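Working notes for the structure below.
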Amino acid sequence: MKTLVKVKSPANIAFIKYWGRRNHKLILPCNSSFSMNLSDCSVTVQIKKIEKDKGSSLFIKEYESDKYIKNTDSAYEKTIKFFQTAQDFLGKKADFDISVKSSITFPRSAGIASSAAYFSALALGFCKLLDVELDKKQLSILARLSGSGSACRSVPDGFVLWHKGNSSESSYAESLADPKFWSLVDVVVIVSDKSKKVASAEGHQAADTSPLFDERVYGVEKRLKLMLKAFENKDLEKFGHLLEAEALSMHSVMMTQRPNLYYWSLETFKLMKSVVKLRESGLPVFFTIDAGANLHLITESRYLSKLKPAIGKYKFIVNRPAFGAKVL
Ligand code: PMV
């Protein structure tokens, strides 16, 4: 039986986004979503068993993280809550306390899916410590229940579809293609490495207060079908235009929900316009944006050398399609 486990898990970028839930307790989304795991944005967690000396419920004795995951914020609370959820889901009680250490390769809570990477890693690590083997479908369901629903998409490999489902059992993520299928790159341009003020969890709760929400939910399934077709054909032009329309649809809902969520900064907007200009100059690059000010530039790896100099003063992280959560 393992007493220490180390897991590395990628962040993922959603091409078709998850925004709004049908069931907040079970984290059931209003629509299916589609994403790519990121090679260079990941979280590594180390979970260790410690002999129990407290009451009957599991206790995190040591909680340590690097500069992005601090003991002082809500990550600790969310972590302990997730371990309770996981024990219920697995039907097995831990007879030990634990120590959790984590590190991250990118700015946390800045719209680059740090919680997806963190909770998918925790889900796998905790199962290993409890000596429970889950298949990827079940592991993705467990990761979804962490509260960061998109964590389910960091479990399978490569390009991943999260089926919205109509129950906890049918709402899971599966790999549609392995990382080698298409040499897309996601260049994350760091406009701001500050933590966002409103977490996605809060945003999902209020998504349906936007007058544009119903239209989005209706249109997004159609967009997903078209995007999957473009993906299958590796048609970057079609894929990219759908990608931008989808990001703008989600942000239109965000900006019109109550309270309004404006995640972009002026720099975000300037960069969006430069992407359009780059396209006009012949470079096929497209943007998408999650719940933050940072831009994800999507193109094929053969265009990378032309794209990099155009990014100018900003720091950036180049990601290729990656495998899902794995034990190190
Ligand atoms: O899974 P959450 O609760 O962290 O929400 C993710 C929301 C977006 O990143 C904005 C969209 C997505 O599908 O990843």
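Every number here is computed from the coordinates shown, using simple stated rules; none is lab data. Computed from a predicted model, the values in this text were never measured in an experiment. All Cβ positions, glycine included, derive from the backbone under ideal geometry; neighbour counts span all protein chains shown.
Worth pointing out:
- Of the beta bridges in the chain, as assigned by DSSP with both residues counted there, near 90 percent are antiparallel.
- Theoretical gain in end-to-end length, Phe181 to Val276 [0.36 nm per residue, Cα-Cα removed]: 31.6 nm
- Principal-axis tilt of helix 213-232 within the chain, Cα atoms, nearest 10 degrees: 80
- Checking the cross-link pairs Lys238/Lys315; Lys2/Lys93; Lys48/Lys194; Lys8/Lys48; Lys6/Lys81; Lys78/Lys270 against a 24 Å limit on the alpha carbon distance flags Lys238/Lys315; Lys48/Lys194; Lys78/Lys270 as lying beyond it.
- Assigned charges on the beta-carbon of Lys, Arg, Asp, Glu; the chain dipole about Cα centre (debye): 420
- Shown in residue order for segment 151-165 are the 3J(HN,Hα) couplings computed by the Karplus curve 6.51 cos²θ - 1.76 cosθ + 1.60 at θ = phi - 60°: 4, 4, 7, 8, 7, x, 7, x, 9, 10, 10, 9, 6, 5, x Hz (x for Gly and Pro).
- Likely footprinting exposure, Val5, Val155, Val327, Val253, fewest C-beta neighbours within 10 Å first: Val327, Val5, Val253, Val155
- Between amide H atoms placed 1.01 Å from N, distances below 5 Å from Val43 occur with Ser9, Ala11, all of them 5 or more places distant or on a separate chain.
- With loop membership from DSSP and a limit of 14 other Cβ atoms within 10 Å, the longest segment of the chain without GluC sites (Glu not before Pro) is 170-328.
- If you run the Gaussian network model on the chain, springs between alpha carbon atoms under 10 Å, then out of Ala113, Ala247, Ala310 the most flexible one is Ala310.
- Percentage, to the nearest whole number, of Cα pairs in segment 4-179 over 26 Å apart: 24
- Put simply, the amide H of Ala177, placed in the peptide plane, has neighbours under 5 Å in Phe159, leaving out anything fewer than 5 places away on its chain.
- Shape of segment 88-222, Cα gyration tensor, a/c cut at 1.5: rounded
- Between helix 75-90 and the chain: long-axis angle, C-alpha atoms, 0 to 90°, nearest 10: 70
- Footprinting exposure proxy ranking of Cys152, Cys30, fewest other C-beta atoms within 10 angstrom first, gives Cys30, Cys152.
- The Stokes-Einstein estimate for segment 128-205, based on a Kirkwood radius over Cα pairs and taken at 37 °C with 0.692 mPa s viscosity, is a diffusion coefficient of 225 µm²/s.
- Ratio of the Cα radius of gyration of the chain to 2.2 N^0.38 Å, where N counts its residues: 0.97
- Long-range amide H partners of Lys164 with built H, under 5 Å: Ser32, Ser33
- The angle between the Cα long axis of helix 236-256 and the main principal axis of the chain comes to about 70°, on a 0 to 90 degree scale.
- When Trp162, Trp264 are sorted by how many other C-beta atoms sit within 10 angstrom of their C-beta, beginning with the fewest, the order is Trp264, Trp162.
- When its C-alpha radius of gyration is set against 2.2 N^0.38 Å (N residues), segment 184-319 gives a value of 1.08.
- Secondary-structure-derived ellipticity at 222 nm for the chain, considering helices only, amounts to -11000 deg cm²/dmol, per-run term -39500 (n - 2.57) for DSSP H runs with n ≥ 4.
- Projected area, mean over directions - segment 239-327, Cα convex hull, nm²: 7.6
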